[in-house]
Number of protein chains: 2
Amino acid sequence: MTKMRASGKKSVSIKDVAKLAGVSVSSVSRYLNGGSNVSPASQKKIAQAIETLNYRPSALARALVREINPAIAVVTINSSQLGPTQMLGGIEARARERGASITISVPETDRREDILNSLHMAADQNPLGIIFMYPDMVDENISDFFPLEGPYVMVTGQQTMGAHEVSLCDQEGGEIITRYLLSLGHKTVYHVAVPVRLEYNRRLQGWRKALENTGSYIPDPIICGWDPEDAREIGRRLALNDDVTAVFAGNDELAIGLISGLRDMGKRVPDDVSVAGFDDHPLSGFWDPGLTTIHQEFIRAGRESVDLLLRQIPQYQENPDGGITDANGDETEISKKSLDIHGKLIIRNSTGAPRQEK
Amino acid sequence: MTKMRASGKKSVSIKDVAKLAGVSVSSVSRYLNGGSNVSPASQKKIAQAIETLNYRPSALARALVREINPAIAVVTINSSQLGPTQMLGGIEARARERGASITISVPETDRREDILNSLHMAADQNPLGIIFMYPDMVDENISDFFPLEGPYVMVTGQQTMGAHEVSLCDQEGGEIITRYLLSLGHKTVYHVAVPVRLEYNRRLQGWRKALENTGSYIPDPIICGWDPEDAREIGRRLALNDDVTAVFAGNDELAIGLISGLRDMGKRVPDDVSVAGFDDHPLSGFWDPGLTTIHQEFIRAGRESVDLLLRQIPQYQENPDGGITDANGDETEISKKSLDIHGKLIIRNSTGAPRQEK
DNA sequence: CTGAAAGCGCTTACAG
DNA sequence: CTGAAAGCGCTTACAG
C-alpha cells in the first residue's frame, strides 16, 4: 500500500488507514464521506489513524471513481493581456467559492492544431467543463473546435455562438467611444486596432459602424501589435497628419503608446489630438492626461463564466438561491445560457474638442 | 463501458476501443504507449477504432496508475499583481515545453489555514510538485507550511529557505535603487512600502541598508496598500514636506500613484522630487516622465522555477542537455537547488538631482 | 505479438 | 454498523 511517489516520498493510502484503525476500507471510505453508518468507536479510531498517518485521500482516485473531477479547465490565448489576466482572477475566485479547482492551458500559438491540442489536453482531465477565453481571437472558425464533449463556455468580444457565452460587448463599446469622440466635434476618428482577425475585431467594427451611421469619413484602420512600442511608432506617424484630431486605440496600453509617439513629435493630448482607449486599465486614471476609455468588467466576466459553466452540470445546479431550473429541472430562460456584460464610457482628460480650424 | 459523464455526455473508454478493434485492452494500451509489440494489422484496426470512436485516454486514470500526474500546482497570493501574473506566464510556458500541465490555486486570504488549505488541495492532485509564489508575503512563518510531502519550489523576494528556491533579490534591488538616488545628491530617500510583512519586506530592507551604510537619515517607511490610489494620497501628504526630495516606491504602480499625488499638489517630478519604482512595469517606460526602476525578470523566474521543480523528479531529470546529475545520478551542485535572479537598474527620467538649496 | 490478471486508490451497492 | 466484492479507466508484468 505505502507506495513511492514520483518524488520518492511514500504516500499513504486508504488501506493504510484501514489497517492501522483496524477497520475495513469501506468504513474508512464511509467516514471520509460524511461518517454516516460508522460507529462512534470506529470513527474515533479512523480519525486517529488519519491523524497519525497524515492521510489525505487522493483527489485523482476520487475523480476517477466518481467520474467527476471538480476542476474547471480554462484555455486562453494572450494570457498576459489585461483582460485574460483579470478574468482569470475572477474565474479563480468564483471557482473557489463553488468548490472547484482550476487548471489552465494556453496554446503554444494561435494555430488551429495548437488550440485543438490545448482544448483536448484540457478535456482529458475530465474537468467539469472548459472555459475558453477569446476564441474569436483565433485565426480560425470557432465551430471548427466545438462541440468538444462536455460543457463549455466561451468568453467573447461579441455574442455570436448563440449559447454558453459571456460577451464583453466590444462592438457596442467601440461604437460608444467613437460616437463620443465625434460628439466632441471631431470630423472623424482614426482607429489603431488591436491585432485581432478583422472579422472578429468587434471594437473595430463598432468604430466603423459609428462612423458609417454618422456619415463620417472612414479612414483605414491602422493595425497595431500588442506592444505599446508599436503604437508609439504609429503615433509618430500619425503626428505628421494634421487631419488626425481624434484616435481611438484598441486598448489602453496602445493608447498610452500612441500618446507617447504623438508627444515625441510635439503634439499635445488632447489639445492637438484626442486619444481614447479601451478596457480601463488600472493605471489609466493615473495617466497624465487621464485616459478616456471604456471600462470593462473583466473580473465579473470571469465569475459569470464559472456560473454559466456550472449551470450546465446537474450536480452543481443551484436551485435554492436562484430558480435556475423550473419544476421539470429544465432551464427556464434561454437568457441564462449567455450573458452580455456591457462596457461603460469613462470620460477623462485625454479627449476634448478639436482645436479651432487653423 | 460507455459511461455517462457529469455533463451527461457519454465517454468512451479503452474497452470500447478494444472491442471495436477486436483486440485486447492490453494491446490497445500498448498501442497507446508507443506501439511496440503490436502487429501492424492490429495497429491499423486500433487506430481506426480510436478514430471512429473519437477516443482519448483518460488523463486521470493514467495519472492514477502511473502514480505520476504530469501537472505542476502553483499556489500564489496576490495573483493579480504584476509579478505573479508574469511569473505565471513563464511557468505556464516552460511547463508546456516540458510536457506538464498547470493547476493554480490561490488562498482565499493570507491566513494560515487558507494557505494550508490551498497547499493541500494542490498536493491532493498528486502533482509533480508545487510552486509556491511569494510565501514570504504570508503573515506566518514559512516553515509552518513545509515540508509538505513532495517536491516544491518557492519563489521569494530573498533567498532564505536554503533550498529549492528562486529569489528575486529584492533586497539587493532596494539597495541599488536607493544608492542611485543618493548618488544623485539627495540627502536621504523616503520609502513608500508595499503592504508586506516588515520582516519579509526585502525591498524595504535594502532601502534601509543603503541608508545605514551611507550614514543617511532614515525616515520612517510609509506603509501603503496595493492600490495606486493609496499611493496618491501619500503623494499628496509628502508634497507638504519640503524635505522630501527623493522617494522610492515599493513598486511601479505605487510610484505612478505617488507621482499623481505629488502633482496634485503642484510638485514637479523630477524637478521638485525624484520618484523611483520597482519591477519595471511594461508601461513604466511610457510614463511621463519615464520611471526609474529596477527591472525584474519575472518571466524568467517563472521558467526557472519549473526547471528547479522538475529537477527534483527522477523522471524529468534532463541529463542530456545539462549535466544536472553526475555519474551516480546525484545532484552535482548545491547551487542548482536555488537561484538568484538579479534585478537591473533602469534609469529613466523620473529621477534627477535635487534642486539647488532654496 | 497477444491476452488474462492484478493493481493504482478510491466508492458504492450488497449482504450480513 | 460493517466488510467483501466489483468497478472506475488505465498500465504492467506474466505467461503464452
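Only the coordinates and a few stated rules stand behind these numbers; no lab work does. Since this is a predicted model, take the numbers as computed values, not measurements. Here the Cβ is made from the backbone with ideal geometry for all residues, glycine too, and neighbour counts use every protein chain on show.
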**Sequence of A:234, A:176 once ranked by neighbouring C-beta atoms within 10 Å, starting from the fewest** = A:176, A:234
**Prompt:** Put +1 on the Cβ of every Lys and Arg and -1 on every Asp and Glu Cβ in the protein assembly as shown; which of A:295, A:76, A:105 then has its Cα farthest towards the positive end of the dipole?
**Reply:** A:105
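If you rank A:258, A:310 by fewest surrounding Cβ atoms within 10 Å, what's the result? Kindly include the intermediate steps, with their values, before the conclusion.
Numbers: A:258 34, A:310 23.
Fewest-to-most Cβ neighbours within 10 Å comes out as A:310, A:258.
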**Complete:** Checking A:110, A:124, A:307 against a Gaussian network model of chain A (alpha-carbon springs below 10 Å), the top fluctuating residue turns out to be A:124
**Message:** Can you give me the angle between helix A:298-310 and the longest principal axis of chain A, using Cα atoms only, in degrees from 0 to 90, rounded to the nearest 10?
**Reply:** 40
**Asked** Modelled label-to-label distance, residue A:345 and residue A:120, 7 Å Cα→beta-carbon offset: nm?
**Response** 4.8
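Beyond 27 Å between alpha-carbons counts as too far, so tell me which of A:187/B:267; A:15/A:44; A:15/B:336; A:209/A:344; A:337/B:19 fall in that bin.
From the list (A:187/B:267; A:15/A:44; A:15/B:336; A:209/A:344; A:337/B:19), the Cα-Cα distance tops 27 Å for A:187/B:267; A:15/B:336; A:337/B:19.
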**Pseudo-label separations to other copies for residue A:19 - Cα-to-Cβ vector, 7 Å, nm** = 3.7
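Please report A:224, A:169 as a ranked list, fewest other C-beta atoms within 10 angstrom at the top and most at the bottom. Provide the component values of the computation, followed by the final result.
Working: A:224 25, A:169 22.
Going from sparsest to densest Cβ surroundings: A:169, A:224.
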**Prompt:** Mind listing P(r) for the protein assembly as shown? All alpha-carbon pairs, 10 Å bins, whole percents.
**Reply:** 3, 13, 21, 23, 20, 12, 6, 2, 0, 0
**Gain on full stretching of the segment that runs from residue A:209 to residue A:54 - 0.36 nm per residue minus C-alpha separation** = 49.5 nm
**Request:** Find every distance from the label point of residue A:34 to the corresponding label point in the other copies (7 Å from Cα along Cα→Cβ) and write them in nm, one decimal, shortest first.
**Result:** 4.5
**Message:** Once you keep just the Cα pairs under 8 angstrom separated by 6 or more residues, what percentage relative contact order results for the stretch B:170-295?
**Reply:** 24
**Message:** Measuring nothing but label to label, 7 Å from Cα along Cα→Cβ, what are residue A:295's distances to the other copies in nm, shortest first?
**Reply:** 3.5
**Asked** So who's got an amide H within less than 5 Å of the one on residue B:105, skipping anything under 5 residues away but keeping other chains? H placed 1.01 Å off N, in plane.
**Response** B:74, B:75, B:76
**Request:** Determine the distance separating the Cα centre of the stretch A:210-255 from the Cα centre of the stretch B:193-227; give it in Å without decimals.
**Result:** 43
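Report D for chain A in µm² per second (integer): Stokes-Einstein, Kirkwood Rh on Cα pairs, 4 °C, 1.567 mPa s. Walk me through the intermediate numbers first.
Working: Rh = 23.3 Å.
Once the numbers are plugged in, D ends up at 56 µm²/s.
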**Fill in**
Sorted largest first, the C-alpha extents of the stretch B:170-295 along its principal axes in whole angstrom are 33, 27, 23
**Asked** Residue-wise, which Karplus ³J(HN,Hα) couplings in Hz belong to the stretch B:265-278, taking 6.51 cos²θ - 1.76 cosθ + 1.60, θ = phi - 60°, and x for glycine or proline?
**Response** 9, x, 7, 9, 10, x, 3, 8, 9, 8, 10, 10, x, 7
**Request:** Any chance you could get the radius of gyration and Dmax over the Cα atoms of the stretch A:3-57, in Å?
**Result:** 11.4, 37
